[in-house]
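To start, the structure itself, in structure tokens.
Computed from the coordinates by the stated procedures, all read-outs in this text should not be read as laboratory data. The structure presented is a predicted model; accordingly, all values stated were derived computationally and were not measured. Glycine also receives a Cβ, built like all others from the backbone with ideal geometry; neighbour counts cover every protein chain displayed.
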Amino acid sequence: MTPTTSPQSPASLLPPETVWGRWPWLRRAVSVGLVLHLFALVIAPLAVAPTSPLWQRAWLAFRPYLEGMNLNHGYHFFAPEPGPSHLVHYELRFEDGRVEQGLFPNASQHQPRLRYHRHFMLSEFLNSLAIDDSRREVFDAVTRSYANHLRYEHHAAEVTLSLRRHYVPSPQHVSSGKRLNDVSLFAERPLGTHGSERR
């Protein structure tokens, strides 16, 4: 006759000298944290419009975590209907009267491709703040930060910024022979001038 043994919990099977064996509550806490993290990763793309009110409310609940960890990527840029892209246009004025213009992201300046992508994320982040009226103070602070950085980098006295929206061309636009950089595909939103007195 073989002796019967009572089933043991997974935590009791761990050697007592390991962290998980010594503190089984830590294992449970890490498991709950991983489940919440994975749920947050699913919420980010599901909350992109058009979506249900349920996912919008879930995104609001997880918003501090998603934005704090820079995980708030909707992946809506690629499919099914990508929206317009956004660029930051700047005009630099120098003490000697010179005026220079620039744009970021700029494929000819920002190499390798990862550097271009990082600048593209900066311009898209600014646009996400621009369309959210409840975050006006953050939008103003980020705009000032971009202007101050450009002034410092180029040793300019004054910077004028604008947010340039580049719309996706329609099939009719392309078939008519118009180029992707046609002026009809762009719209500009002025963001103000930041002068040397704020240095």
Sequence order, the range 115-125: Karplus ³J(HN,Hα) from phi using 6.51 cos²θ - 1.76 cosθ + 1.60, θ = phi - 60°, Hz rounded, Gly and Pro as x, gives 5, 4, 4, 5, 5, 5, 5, 5, 5, 5, 5
Taking the Cβ-Cβ separation of His110 and Arg136 as r and a Förster radius of 45 Å, what is the calculated FRET efficiency to the nearest 0.05?
0.95
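What is the extension gain from Glu91 to Met121, computed as 0.36 nm multiplied by their sequence separation minus the C-alpha to C-alpha distance, in nm to one decimal? The partial results should precede the final answer.
Numbers: separation 30, 0.36 × 30 = 10.80 nm, distance 2.04 nm.
Value of the extension gain: 8.8 nm.
Work out, step by step, the length gained on full extension between Asn148 and Glu188: first 0.36 nm times the residue separation, then minus their alpha carbon distance; give nm to one decimal. List each step's numbers first, then the result.
Working: separation 40, 0.36 × 40 = 14.40 nm, distance 2.07 nm.
Going from the current span to full extension adds 12.3 nm.
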